[in-house]
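A.B. asks: Input: one structure, supplied below.
The values are calculated or read from the model by the stated rules, or taken from the named source; none is laboratory data. Nothing here was measured: the structure is a model prediction, and the numbers come from that model. Positions of Cβ are generated from backbone atoms using ideal geometry, with glycine treated the same way; all protein chains shown enter the neighbour counts. Note: areas computed on protein heavy atoms with side chains; ligands, DNA, RNA excluded. Shrake-Rupley method; radii C 1.70, N 1.55, O 1.52, S 1.80 Å.
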Amino acid sequence: MRIMFAVPCYWPSQDGVTIITSYLAQGLAARGHEVFVLASAGNGGLQKLPERDEHEGVKIARMRIYTRWPLLIRGRDKKSTKKEYRRQIREFAPDVLVVVCAQTWTLDWVMPYLKKLDCVKVFYSHGYSAWKEQYACREQLLRRNVVGAWIEYKCRRYFERLYRHIELFDRVIYLSEDSNASVYAKKYGLTNGRILKNAIDDRFFQEDMRHTYEEKACVSFLFVANYNQNKNQEMLVRAFAAARLGKSRLNLVGFEENAYYDFLQELIREKLSGQKDKEVIFHTHVSREAVIDLYRTSDVFVCSSRSEIYPVVAHEAAATGMPIISTDVGMYGKISGAWIVKDEEQMREAMESLYGSAQERARRGMAACEWVRGQGCRVQDKVEWFEQDLLFNRRKRDENKELDLRDV
């Protein structure tokens, strides 16, 4: 089959959406399918990457798109437009189009044309971060926050209409039954969805990745997430700075520098001044191998996100037997041994406790590892499931076409 993915970000980015899309795209290519990925260059389209590329058997084309959703989605040049997006689809002529993520150009730019696309259409949801039962338009206006009120109104209108477009897809993939996208589907009576939980790179299950929990002169904390307000690295930096720790390190792994990254740098200079035993290291533009090595060598995984759905990084950390501290987002609360915190103060207390006790790190880490090994997270199983579902929907579409011709 000719399979096209439209995804907000792709290799060499290392965020969760990229990791999941990459193992599916590469897995399908390895099974003999022709796979094409259309993505945007990183840093809001400013990252310098070639327009055409190829990686692990997958052909890649990149546009340069700036997104400040829901206010703005704009191409940075004449080759980064709705028209070019549609042209890329026509030119590749896919048997299957996989649209990854809502609240961005991949879905929003194609929604008006879904009925015209003569192929199997799959929407791969990573959740709806802006969907909620009630929107505060009036409250924002009372505070004289006109922009805030407009954002609330735009989000409300978007999700009031979104289901009409989602029902046009042959298949919708959700990360879990508990994701807010699954809840949204149930609310609006959508029946075209199935659950495909995230997979983990097999390397995370290898023995050389397993943690041993010995007493260490320096304890390292790790968070793997792009630098932005939702990932809320500010909370981690403040908690780490306030914590009573000896020699320690906080590794922050994000794909690229941006304005939030610059803000964090200033915050660190302010909060860690004079604390010689503490070190915060920013990792950007790092290879997948370097990220995996940080999982191997760090001691505690920390997450400060404001919202998550089914983060693959949580499973990767658990697979290595790394103890986890996290805000109560996504499925972190379901991971055995995970230490769930509500605020910066509780994050500080958890960091202090795991810093000071190798025994507690071992107890929580081994519980997380045992939990994840029972989740069925092998990549090849997920790829095979996805391939079979695409083939099923293609056969179903072909059969429906034959029935339509007979009726004529």
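A.B. asks: How many percent of DSSP beta bridges within the chain run antiparallel, rounded to 5?
C.D. replies: 15 percent
A.B. asks: With θ set to phi - 60° and the Karplus curve 6.51 cos²θ - 1.76 cosθ + 1.60, what are the ³J(HN,Hα) couplings of the range 280-291 in order, to the nearest whole Hz, using x for Gly and Pro?
C.D. replies: Using θ = phi - 60°, the values come out as 10, 10, 8, 10, 10, 6, 9, 6, 4, 5, 5, 5 Hz.
A.B. asks: How are the C-alpha pair distances of the range 1-140 spread across 5 Å bins, as whole percents from the shortest bin up?
C.D. replies: With 5 Å bins starting at 0, P(r) equals 2, 9, 20, 24, 20, 13, 6, 3, 2, 1, 0.
A.B. asks: Which order do the peptides 36-45, 273-282, 359-368 take when ranked by the mean count of other beta-carbon atoms within 10 Å per residue, highest first?
C.D. replies: Output ranking for 36-45, 273-282, 359-368: 36-45, 359-368, 273-282.
A.B. asks: I would also like to ask the following. Taking H placed 1.01 Å from N in the peptide plane, check which residues at least 5 places from Val341 or on another chain put their amide H under 5 Å from its amide H.
C.D. replies: Residues meeting the amide H criterion: Ser326, Thr327, Asp328.
A.B. asks: Separate question: How high is the relative contact order of the chain? Use alpha-carbon pairs under 8 Å, at least six apart in sequence, and give a whole percent.
C.D. replies: Averaging sequence separation for qualifying contacts and normalising by length gives 15 percent for the chain.
A.B. asks: Which stretch or stretches of the range 165-201 have amide N atoms under 17 Å from the point lying 7 Å from Lys334's Cα along the Cα→Cβ direction?
C.D. replies: Taking a point 7 Å out along Cα→Cβ of Lys334, the residues of the range 165-201 whose backbone N falls under 17 Å are 173-186, 194-200.
A.B. asks: Tabulate in residue order the Karplus-calculated ³J(HN,Hα) for the range 334-345, using 6.51 cos²θ - 1.76 cosθ + 1.60 with θ = phi - 60°, rounded to whole Hz; enter x for Gly and Pro.
C.D. replies: 8, 6, 4, x, 5, 9, 8, 10, 9, 7, 4, 5
A.B. asks: At 1.4 Å probe radius, can you tell me the per residue accessible area of the chain in Å²?
C.D. replies: Result: 47 Å² per residue.
A.B. asks: By how many nm would the segment from Arg244 to Arg68 lengthen if fully extended, with 0.36 nm per residue of separation less the alpha-carbon distance?
C.D. replies: 59.5 nm
A.B. asks: If you don't mind, another one. Starting from the amide H of His285, placed 1.01 Å from N in the peptide plane, find each other amide H under 5 Å away whose residue is 5 or more places distant or on another chain.
C.D. replies: Amide H neighbours of His285: Glu256.
A.B. asks: Return the FRET efficiency for the residue pair Glu399, His283: r is the Cβ-Cβ distance, R0 is 60 Å, and the value is rounded to the nearest 0.05.
C.D. replies: 0.75
A.B. asks: Return the aspartates and glutamates within reach of Lys116: Cα separation strictly under 20 angstrom, same-chain partners fewer than 8 residues apart disregarded; answer none if there are no such residues.
C.D. replies: Glu84, Glu91, Asp95, Asp108, Glu167, Asp170, Asp398, Glu399, Glu402, Asp404
A.B. asks: Across all directions of projection, what mean area in square nanometres is found for the Cα convex hull of the chain?
C.D. replies: 21.4 nm²
A.B. asks: Can you give me the % of accessible surface on the chain that is carbon or sulfur? Probe 1.4 Å, all protein chains present, nothing else counted.
C.D. replies: That fraction is 47 percent.
A.B. asks: In addition: Using 0.36 nm per residue of separation minus the Cα-Cα distance, give me the extension gain between Glu384 and Arg363 in nm, one decimal.
C.D. replies: That works out to 4.1 nm of additional length.
A.B. asks: Also: Glu167's amide H: which non-local residues (gap 5+, or another chain) put their own amide H closer than 5 Å, with H modeled 1.01 Å from N in plane and none for Pro or chain starts?
C.D. replies: Sorted by chain and number, the residues that satisfy this come to none at all.
A.B. asks: Each residue of the range 191-203 in order: what ³J(HN,Hα) in whole Hz does its phi give by Karplus 6.51 cos²θ - 1.76 cosθ + 1.60, θ = phi - 60°, with x for Gly and Pro?
C.D. replies: Karplus-based 3J(HN,Hα) across the range 191-203 equals 10, 9, x, 9, 9, 9, 6, 5, 9, 10, 3, 4, 4 Hz.
A.B. asks: Please go through the residue pairs Lys132/Lys271; Lys59/Lys132; Lys59/Lys187; Lys115/Lys187; Lys271/Lys342 and name each one whose alpha carbons sit more than 27 Å apart in this structure.
C.D. replies: Lys132/Lys271; Lys59/Lys132; Lys59/Lys187
A.B. asks: Using every Cα-Cα pair within the range 35-104, state what percent have a distance larger than 16 Å.
C.D. replies: 50 percent
A.B. asks: Here is a further query. Please report the relative contact order for the range 1-136, taking Cα pairs under 8 Å with a sequence separation of at least 6, and give it as a percent rounded to a whole number.
C.D. replies: Reported as a whole number, the value is 25 percent.
A.B. asks: Separate question: Normalising by the residue count of the range 84-191, find the relative contact order in percent from Cα pairs under 8 Å and 6+ residues apart.
C.D. replies: Relative contact order, the range 84-191: 27 percent.
A.B. asks: To continue, here is another question. Could I have the simple spin-label model distance between Lys132 and Lys186, label points 7 Å from Cα toward Cβ, reported in nm to one decimal?
C.D. replies: Reported label-point gap for Lys132 and Lys186 is 2.1 nm.
A.B. asks: May I pose another question? Using the reciprocal of the averaged 1/r over all distinct C-alpha pairs, how large is the Kirkwood radius of the range 120-160 in Å?
C.D. replies: Answer for the range 120-160: a Kirkwood hydrodynamic radius of 11.5 Å.
A.B. asks: What shape does the range 207-291 take by its C-alpha gyration tensor, where a ≥ b ≥ c are the square roots of the eigenvalues and a/c under 1.5 counts as rounded, a/b above b/c as prolate, and the rest as oblate?
C.D. replies: oblate
A.B. asks: Which whole-number value in Å³ per residue fits the convex hull of the alpha carbons of the range 294-388?
C.D. replies: In the range 294-388, the Cα hull volume divided by residue count equals 94 Å³.
A.B. asks: If a/c stays under 1.5 just call it rounded; otherwise compare a/b with b/c (prolate if a/b is bigger, oblate if not). Do that for the range 142-279, with a ≥ b ≥ c from the square roots of the Cα gyration tensor eigenvalues.
C.D. replies: oblate
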